[in-house]
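The structure appears right after this line, and notes come after that.
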Amino acid sequence: MRIGILKCGQSPEELRGDLGDYDTMFERLLAGRGFEFTSYHVENMEFPQGVHDAQGWLLTGSRHGVYEDHAFIPPLQDFIRRAYAEHVPLVGICFGHQIIAQALGGTVAKHPGGWAVGAHDYDFGGEKVTLNVWHQDQVVAVPEDAEVVARNEFCENAALVYEDRAFTVQAHPEFDDAFIQGLIEHRGRGAVPKPLLDQASARMGTPRQSPGIADRIEAFFKAPRAFSAEDRQGAA
């Protein structure tokens, strides 16, 4: 199954050489599951020709806010809407989670409580799931089609399912502890309050359920779904 990775940003240059860029992190997370990957650096205006260039799309994190004025955001939102209309499955992580929500009628804003960094616990339908996070922004109003499937006290809309069309998560299942430590050292100091960085450091080594989220992503991409508009036209 061909998955197109829409790179909405890059990992920090100081970490990229040793720990990888966002697309390679997802390739590692989803390795051995029958996927082939093609990456498109949409932040640099490198877009696929059409939504059927892949059988599913994965949108990565980014340093940008989805509500900011960047050239790539309007065409990316248009692409999301086309893929959604054609029933080409979408998975979004962090920025990807937020921009899918915004494109489909939701609202994203900075959280008044500030940052969430490091290991955080979520309620996934009654199951405790611990994942790494790094964000200030979050979805504050969900689109009409979305169902909230994970939350915690800091982030009420931490994961969303849009029937068989999209599955999105605010947290970062692709981030390991080494990457979080690198973010603390190269991006956190001076930007994130020190007590939060200390708390993130203290939770290093806490077991994460990233493989479980990878299972959910795999199951979502591979699930049987309704014919797309293109399929219906071809069958007519």
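The requirement of being touching a Pro at 6+ places or on another chain (Cβ under 8 Å), among the basic types (Lys, Arg) and either more than 28 Å from Pro89 (Cα to Cα) or not in a loop (DSSP other than H, G, I, E, B) (or both) is fulfilled nowhere in segment 150-158; no residue meets it. In the condition set (1) assigned to a loop (DSSP other than H, G, I, E, B); (2) in contact (Cβ under 8 Å) with a residue 12 or more places away in the chain; (3) not acidic (Asp, Glu), Gly4 is compliant with all but (1).
Residue count for segment 39-81 satisfying the condition of being in contact with a Gly (Cβ under 8 Å, 6 or more places away or on another chain) and charged (D, E, K, R): 3.
From the residues in segment 176-191 that are within 21 Å of Pro211 (Cβ to Cβ) and in contact with a helix residue (DSSP H, G or I) (Cβ under 7 Å, 6 or more places away or on another chain), which one is surrounded by the most Cβ atoms within 10 Å (Cβ to Cβ)? Among those residues, the one meeting the criterion is Ile180.
Filtering segment 136-159 to residues that are over 15 Å from Leu58 (Cβ atoms) and surrounded by 21 or more Cβ atoms within 10 Å (Cβ to Cβ) leaves Gln138, Val139, Ala146, Ala150, Cys155, Asn157, Ala158. For segment 13-59, a residue qualifies if it is surrounded by 16 or more Cβ atoms within 10 Å (Cβ to Cβ) and modelled with pLDDT under 95, and the qualifying residues are Leu15, Leu19, Gly20.
Per-residue answers, yes or no, for (1) touching a Leu at 6+ places or on another chain (Cβ under 6 Å); (2) closer than 15 Å to Val42 by Cα; (3) surrounded by fewer than 24 Cβ atoms within 10 Å (Cβ to Cβ):
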| site | (1), (2), (3) |
| --- | --- |
| His87 | no, no, yes |
| Cys94 | no, no, no |
| Ile99 | no, yes, no |
| Gly106 | no, no, yes |
| Ala119 | no, no, yes |
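Restricting to segment 37-77, name every residue that is part of a helix (DSSP H, G or I) and either within 17 Å of the chain's Cα centre (by Cα) or without any contact (Cβ under 8 Å) to a residue 24 or more places away in the chain (or both). Within segment 37-77, Val42, Glu43, Ile73, Pro74, Leu76, Gln77 meet the criteria.
Check segment 141-148 and report whether any residue there is among the β-branched types (Val, Ile, Thr), outside any strand (DSSP E or B) and within 30 Å of Ala85 (Cβ to Cβ). Yes. Taking segment 15-33 as the search range and keeping residues that are under 17 Å from Val91 (Cα atoms) and free of Cβ contacts under 8 Å to residues at least 40 places away in the same chain, which one is farthest from the chain's Cα centre (by Cα)? Among those residues, the one meeting the criterion is Ala31.
The values are calculated or read from the model by the stated rules, or taken from the named source; none is laboratory data. Keep in mind that what you see is a predicted model, and the values were worked out from it rather than measured. Reconstructed Cβ throughout: ideal geometry from the backbone, glycine too, with neighbour counts over all protein chains shown.
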